[in-house]
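The values are calculated or read from the model by the stated rules, or taken from the named source; none is laboratory data. None of these values were measured; they are calculated from a predicted model. We place every Cβ from the backbone using ideal geometry, glycine too, and count neighbours over all the protein chains shown. These accessible areas exclude ligands, DNA and RNA; they are computed on the full protein's heavy atoms, side chains included. Shrake-Rupley method; radii C 1.70, N 1.55, O 1.52, S 1.80 Å.
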Amino acid sequence: MYYEAEDFLETADRETLHIISNARKLTREYGFTDYNDTERKNEILRQLMGSIGKNVAIDVPLHCDYGKNIFLGDDVIINMNCTFVDNKPIRIGSRVLIASNVQFYTSSHPVLPRERLVPDWKEKGTTFFRTYARPIEIQDNVWIGGGSIILAGVTIGRNSVIGAGSVVTRSIPANCVAVGNPCRVIRRFDQEDGSHGERSTV
């Protein structure tokens with residue numbers, strides 16, 4: 001796999017640890033806020049996230065690393081126990097449905113040990129491993145089924161549906177249904193009005 005220098009990031013410096021600590025504090029407070037106190041819950045989300053649109057509902061528990069790298073459009077539903085590893089931006093459009101236990105991972109590690117492990121890491125004052133991260137984008141009108149996993153660098157195109165339990169390792173085009181591990185397109189829409197195209201095994 002080819003990496004750009006900007007793909008790699010430091011995960012244990014003082015600034016990063018402060019951001020993570022603040023995100024843990026805010027998500028904990030969010031989880032213990034009364035379910036019906038939407039004003040306070042929205043206030044916490046505005047402190048936590050990069051941006052948040054209108055009519056957004058996020059159930060608890062909510063897990064994230066930074067929070068500030070999550071950007072939500074209008075009319076977004078995020079069900080319980082979703083995880084956002086937002087070392088790079090996670091951008092979610094409008095009218096998006098995210099079921100329970102969905103996981104978003106912008107970060108990963110190189111496969112080869114010589115690329116993943118850092119020699120003399122203690123002397124360098126860093127971690128013993130390298131981490132890279134790439135942004136995730138979920139476009140408008142997407143529905144992501146329960147228990148799906150969205151990996152680094154993935155874009156899910158407008159109107160598409162990801163079947164429950166899918167592992168999305170590569171970008172998914174607009175106007176389709178995709179399922180499985182690895183996630184693959186099984187049906188396409190002819191038009192954005194939802195009429196079905198010919199079944200595909202792409």
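Summary of values
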{"item": "Test: residue in segment 22-38 that is open to solvent by 30 Å² or more (accessible area, probe 1.4 Å), touching a Phe, Trp or Tyr at 6+ places or on another chain (Cβ under 8 Å) and within 25 Å of residue 130 (Cβ to Cβ)", "result": "no"}
{"item": "Hey, residue 105 hydroxyl-bearing (Ser, Thr, Tyr) and touching a residue at least 60 places away in the same chain (Cβ under 8 Å) or not", "result": "no"}
{"item": "Residue in segment 129-151 that is among the aliphatic types (A, V, I, L, M) and touching a helix residue (DSSP H, G or I) at 6+ places or on another chain (Cβ under 7 Å) present", "result": "yes"}
{"item": "Those strands (runs of 3 or more DSSP E) lying entirely in segment 58-176 with at least 1 residues touching a Leu at 6+ places or on another chain (Cβ under 7 Å), open to solvent by less than 50 Å² (accessible area, probe 1.4 Å) and under 30 Å from residue 35 (Cβ atoms)", "result": "82-85, 90-92"}
{"item": "Residue check, residue 54 of a type in the set (D, E, K, R), at pLDDT 95 or above and open to solvent by less than 60 Å² (accessible area, probe 1.4 Å)", "result": "no"}
{"item": "Test: residue in segment 25-42 that is touching a residue at least 40 places away in the same chain (Cβ under 8 Å) and assigned to a helix (DSSP H, G or I)", "result": "yes"}
{"item": "Boolean, residue 186 is out of contact with any Asp or Glu (no Cβ under 8 Å at 6 or more places or on another chain), modelled with pLDDT of 90 or more and under 24 Å from residue 3 (Cα atoms)", "result": "no"}
{"item": "Pick from segment 189-202, criterion open to solvent by less than 40 Å² (accessible area, probe 1.4 Å) and assigned to a loop (DSSP other than H, G, I, E, B), ranking: modelled with the lowest pLDDT", "result": "200"}
{"item": "Verdict on residue 28 being more than 28 Å from residue 170 (Cα to Cα), modelled with pLDDT under 95 and among the basic types (Lys, Arg)", "result": "no"}
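Condition check ((1) among the small types (Gly, Ala, Ser); (2) under 28 Å from residue 165 (Cα atoms)) across all residues:
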residue	(1), (2)
33	no, no
41	no, no
52	no, yes
58	no, yes
93	yes, yes
